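Contents: one structure, followed by commentary.
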Amino acid sequence: MLWHLRFTQRDLLNFVREKNYTEPNWPADYWPHTQAATAEDWQAQVEAVQADRAEVLKVLDQADLLAPVAPGKSQTVLRELLLAADHAAYHTGQLALLRRLLGGGDSAS
């Protein structure tokens, strides 16, 4: 799920920033084909999500939010950033629930 969150967040960033954006295949490309094997794999995904989140915030701060996205049909930068935030919130909630169900304790810790 973390991999999917990271991939989709990056894809939305690419969509907003790249004029020659190529859409990945849904749903095959949006879900991992292998399981993360180590704690290092997990940490790398966490760091990638955080780095891309910083990039989302840069776009939010610097872009014309009502500008249309070049490769899109009628999407605006604001719509795509709201979609990224909504998607991240949804899956972060799922990850917190899984942690709790797997005995990881309070989701705030």
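The values are calculated or read from the model by the stated rules, or taken from the named source; none is laboratory data. The model shown is predicted, which means the values in this text are computed figures rather than measured ones. Note: ideal-geometry Cβ built from the backbone for every residue, glycine included; neighbour counts use all protein chains shown. Note: accessible area is taken over every heavy atom of the protein model, side chains too, but ligands, DNA and RNA are not part of it. Shrake-Rupley method; radii C 1.70, N 1.55, O 1.52, S 1.80 Å.
Structure values in brief
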| item | result |
| --- | --- |
| Per DSSP, loop trypsin sites (Lys or Arg not before Pro) in the range 38-109 with at most 13 further Cβ within 10 Å | Lys73 |
| Mean separation of Cα contacts under 8 Å, 6 or more apart, over the residue count of the chain: relative contact order % | 33 |
| Karplus-derived 3J(HN,Hα), 6.51/-1.76/1.60, for each residue of the range 77-82, Hz, glycine and proline x | 4, 4, 4, 5, 5, 5 |
| Placed amide H near Thr76: partners under 5 Å, 5+ positions off or other chain | Val69 |
| Residues of the range 1-56: accessible area per residue with a 1.4 Å probe, Å² | 66 |
| For His33, solvent-accessible area (1.4 Å; no DNA, RNA or ligand), Å² | 150 |
| Stretchable slack from Thr34 to Asn20, in nm (0.36 nm times residue separation minus alpha-carbon distance) | 2.2 nm |
| Of Leu98, Leu13, Leu82, the one that fluctuates the most in a GNM where the chain has Cα springs shorter than 10 Å | Leu98 |
| Helical mean residue ellipticity (222 nm; -39500 (n - 2.57) per DSSP H run of 4+; nearest 500) of the chain | -21000 deg cm²/dmol |
| Accessible area (Å², 1.4 Å probe, nearest 10) - Phe7 | 50 |
